[in-house]
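Input: a single structure, listed below in structure tokens.
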Amino acid sequence: MKIMVCLKQVPHQDARLDINADGTWIQEDNIKFEINSYDTYALEEALRTKDAGEADVFVVSIGPDRVGQALRTALGMGADRAIHVNDDEANGSDSLGLAKILAAVAKQENPDLIFMGLMSDDDNSAAVAPMLAQLLDIPHTTAAVKVERSNGTVTCDREIEGGAHEVVELTAPCLIAVQTGLNQVRYASLKGIMAAKKKPFDVKSVADLGLSGQVGTGAAKVKIDRIAPPLKGDTAEILSGSTAEVVAGLVSKIKELGLL
Amino acid sequence: MSTEDWRRIDLYAPTPEHRAFRDTLDEFVEREVEPQAAEHDRNETFNHDLFRRAADLGLLGVTLPEEFGGADLDATAAVILYEALSSSDPGFALAVLAHSILFAQNVNVNGNDEIRQHVLPRAISGEWIGGLCMTEPEVGTDVLALRTQAKRDGNDYLIDGRKTFITNGGIDEHTLGDVFVVYAATGEREISAFVVEKGMGGLSLGQHWKDKLGMRASFTAELVFDGVRVPATNRMGAEGEGTLAMMRNLEIERLTLAAMSVGIARRCVSVMLDYAGQRKTFGVPIREHGQVQRYIAESFAEYRAAASLVFDVARRFDLSQTGQRIEADAAKLFACQVAKRAADAAIQVLGGYGYMGEYVVQRLWRDAKLLEIGGGTLEAHQKNLVKDLSRDPARVRA
């Protein structure tokens, strides 16, 4: 079995985010990056399949040189090989552009399963996974919280409203976009990190994937016009005093607003 | 190397492997080290399960050969490890360091192939816990005066004496550590190094040192050698070459102890910065007050200076060579005092809370003090530095 895992490198959760000069994205210099948390669970799920002795796991990511570190970490955790789409032409791709790149990789590799995170920690669009499945014309599910594999089929519990779970069965090849928390993600052990040095690491350009002119800023249908921090308003009221005073103030506020 | 490449070097994690290792350590520390640290300090217990987890992740063999299960990485990787562990639990970090550096690295540089083959795979896998036996009840820095004797008896030596302040001397009250490098006199002011294993008759666990000021998550004990019969094949190096063996490993010992100090200082700066932004007096966060700013800013500057020194020394370090004692002594001499001052400043910034056991800085303050004593006292470093620099004044210049 061949499993493709799509990883995105995102700003570290503790990184201080400042907006760049033209107001279209964050300032990326001098901040720390990490693997998108959702994607780490996707990778762990793939590696568990591999641990059961049945899979060749390869990881794919799109982005500049720094993204190589995320892929190397994934190799350190146990993935067998990495594909890094590193090309300025991919810059500014919208979700569809990213899905096209991943689809082109998938068409070259023909994986049985594709695991990825439900969405990314940075722009939360949750769009790439369904788009990728659509481009490949394969079944998919999102928000998977439990994944079970048996001959040719995958059964997933997916999270739906109200805390309920929906059970879906998919036939491979298929794509599963996972929710966080469905497993305990492993570390890259020191042995794994050293072994990663010797694992195949392919760098591909947009042209290598036959997508020249089809992705990147020029092809994007969705463009970020402006990003901004939430406006600071004066609608919040901070209650002060002892705990008893704060609680009393809160209760009277709730009554005043007719919320109870 | 181009000008641009030179500027892009990250002294603190120069290669992708160093960076990945540091990320793994950050996660391990947050998920598994930090949650247990306060409890093991309070109970004065060594966390054997965590030690085994560290072995699983490869943390016990960072500098040791791949053929025995190690990662064969450099001094920078070792510094990254001990800095990270010590930012959370210096006591546990010390236990790992005593095992991996004082013991296993020592065997690696001083033992012959047979000894290394016998010892290192078990040490790296965590099957054995090792320690170093140098200090005696009446002999510390003046190692040539040590009184533990090793007398030749046919193909064996018989070792008699007492060793004390042995980190990993025991695993708990009733369990002796597994294996030790032991320095013993084989003549007048002449010492030799031996590998002594649990199970060799006459070796026993003596007093468990309780109520230490800090490093309480490491197990410190006295070991009693009562005619311990050790095969001559367990001697490392020629008879009388113990001083040389000791010198060969001292530099990496000191550098990694300095790294522990850097970890303590970093944590203290983070804790006081965080607290000073939240705690208010006179209507403003206390970080607005100049006196508090001084504690934080001075500690940060000193921490960064210590980190720069320690990682720069690590960058130049060749684990297979000696000759870096000046740098290793300087790194430890400076960093251990920075750690203590940063911990002291952190307690001051946190005020009454800083003094309480529930807050980490109190523990770090207690732990930091050991680093001014263990692995060479401040005074030993000062003495060595002046002696070595006087011999080679050209090395003053950076």
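The values are calculated or read from the model by the stated rules, or taken from the named source; none is laboratory data. Worth saying up front: this structure is predicted, and the values here are computed from it rather than measured. Don't worry about glycine lacking a Cβ; one is built from the backbone with ideal geometry, like all the others, and counts go over all protein chains shown. Accessible surface areas use protein heavy atoms only, side chains included; no ligands, DNA or RNA. Shrake-Rupley method; radii C 1.70, N 1.55, O 1.52, S 1.80 Å.
Brief remarks follow.
- Region B:356-392 and region A:86-140 have their alpha-carbon centroids 54 Å apart.
- Pairwise label distance in nanometres, B:Glu138 with B:Ala398, each label 7 Å out on the Cα-Cβ vector: 4.6
- Between B:Asp274 and A:Asp14, the modelled labels are 0.8 nm apart [label points 7 Å from Cα along Cα→Cβ].
- Among B:Ala78, B:Ala38, B:Ala297, residue whose mean-square fluctuation peaks in a GNM of chain B (springs only between Cα atoms under 10 Å): B:Ala297
- Only protein heavy atoms count here, probed at 1.4 Å, and on that basis chains B and A bury about 1600 Å² of accessible area in total.
- Solvent-accessible area, 1.4 Å probe, carbon plus sulfur percent, for chain A: 50
- For the pair B:Arg229 and B:Met247 in one chain, pulling the backbone fully straight at 0.36 nm per residue adds 3.9 nm over the alpha carbon distance.
- Region B:3-125: C-alpha gyration tensor shape, a/c 1.5 cut-off, then a/b vs b/c: oblate
- Burial ranking of peptide ranges B:50-58, A:40-48, A:212-220, A:224-232 (average Cβ count within 10 Å, highest at the top): A:40-48, B:50-58, A:212-220, A:224-232
- Amide N proximity, region A:167-206 versus A:Ala126 label position 7 Å along Cα-to-Cβ, cut-off under 17 Å: A:167-168, A:176-182
- For chain A, hydrophobic long helices are taken as DSSP H runs at least 20 Å long by C-alpha position along their axis with mean Kyte-Doolittle hydropathy of 1.0 or more; none is present.
- Protection proxy ranking, peptides A:121-130, B:163-172, B:262-271, average beta carbon neighbours within 10 Å, highest first: B:262-271, B:163-172, A:121-130
- Accessible surface of B:Leu223 - all protein chains present, 1.4 Å probe, nearest 10 Å²: 0
- Normalised radius of gyration (Cα atoms, divided by 2.2 N^0.38 Å) for the protein assembly as shown: 1.10.
- Scattering from region B:130-240 was approximated by placing one identical point on each alpha carbon and applying the Debye formula without solvent; log10 I(q)/I(0) at 0.20 1/Å stands at -0.99.
- Projected label distance in nm at B:Asp72 and A:Arg48, using a 7 Å step from Cα toward the beta-carbon: 3.5
- Chain A: most fluctuating residue of A:Leu136, A:Leu75, A:Leu17 per GNM, C-alpha cutoff 10 Å: A:Leu17
- B:Gln291/A:Asn151 FRET efficiency (R0 56 Å; Cβ-Cβ; nearest 0.05): 0.20
- Antiparallel bridge percentage (DSSP; both residues within chain A; nearest 5): 40
- Helix-only [θ]222 nm of chain A, DSSP H runs n ≥ 4, -39500 (n - 2.57) each, per residue, nearest 500: -8500 deg cm²/dmol
- The share of C-alpha pairs in chain B whose separation exceeds 42 Å stands at 12 percent.
- Cα lying deepest toward the dipole's positive end in chain A, options A:Gln184, A:Leu250, A:Leu239, charges on Cβ: A:Gln184
- Using R0 = 25 Å, the C-beta based FRET efficiency linking B:Asp49 and B:Ser204 works out to 0.50.
- Beta bridges per DSSP, both residues in the protein assembly as shown: antiparallel share near 60 percent.
- Counting only protein chain heavy atoms and rolling a 1.4 Å probe, the accessible areas of A:Glu89, B:Glu372 rank, largest first, as A:Glu89, B:Glu372.
- In plain terms, if you count all Cα to Cα distances in region B:243-396 and split them into 10 Å steps from zero, the share in each step is 12, 36, 28, 16, 7, 1, 0 percent.
- Heavy-atom accessible area per residue - region B:3-125, 1.4 Å, Å²: 37
- About its Cα centre, region B:143-271 has a charge dipole of approximately 460 debye under the convention of +1 per Lys or Arg Cβ and -1 per Asp or Glu Cβ, with nothing else charged.
- For the segment B:63-70, counting C-beta atoms of other chains within 10 Å of every residue's C-beta and taking the mean gives 1.
- Among B:Tyr359, A:Tyr38, B:Tyr183, the order of accessible area from largest down is B:Tyr359, A:Tyr38, B:Tyr183, computed with a 1.4 Å probe on protein heavy atoms.
- Inter-chain Cβ neighbour average for residues A:188-200, partner chain, 10 Å: 6
- Counting, for every residue in B:15-22, the Cβ atoms of other protein chains within 10 Å of its Cβ and taking the mean gives 6.
- In summary, the aspartates and glutamates within cross-link reach of B:Lys383, defined as a Cα separation below 19 angstrom excluding same-chain residues under 8 places away, comprise B:Asp142, B:Glu251, B:Glu253, B:Glu327, B:Asp329, B:Glu372, B:Asp392.
- In region B:28-133, GluC sites (Glu not before Pro) in a DSSP loop with at most 12 other beta-carbon atoms within 10 Å: B:Glu127
- Restricting region B:236-336 to chymotrypsin sites (Phe, Trp or Tyr not before Pro) that sit in a DSSP loop and have at most 16 other Cβ atoms within 10 Å of their own Cβ leaves B:Phe282.
- For chain B, the mean residue ellipticity at 222 nm estimated from helices alone is -15500 deg cm²/dmol, where every DSSP H run of n ≥ 4 contributes -39500 (n - 2.57) and the total is divided by all residues, rounded to the nearest 500.
- Expressed as a whole percent, the proportion of Cα-Cα pairs in chain A lying more than 28 Å apart is 41%.
- Most mobile listed residue (B:Val338, B:Val179, B:Val143) in chain B, GNM with C-alpha springs under 10 Å: B:Val143
- Of the cross-linked pairs A:Lys146/A:Lys223; A:Lys232/A:Lys253; A:Lys32/A:Lys191; A:Lys8/A:Lys191, those separated by over 26 Å at the C-alpha level are A:Lys146/A:Lys223.
- Centre-to-centre separation between the Cα atoms of region B:198-251 and those of region A:40-59: 45 Å.
- GluC sites (Glu not before Pro) lying in DSSP loop within region A:156-260, provided at most 10 other Cβ fall within 10 Å: A:Glu237
- Probe 1.4 Å, accessible area per residue of region B:267-329, Å²: 57
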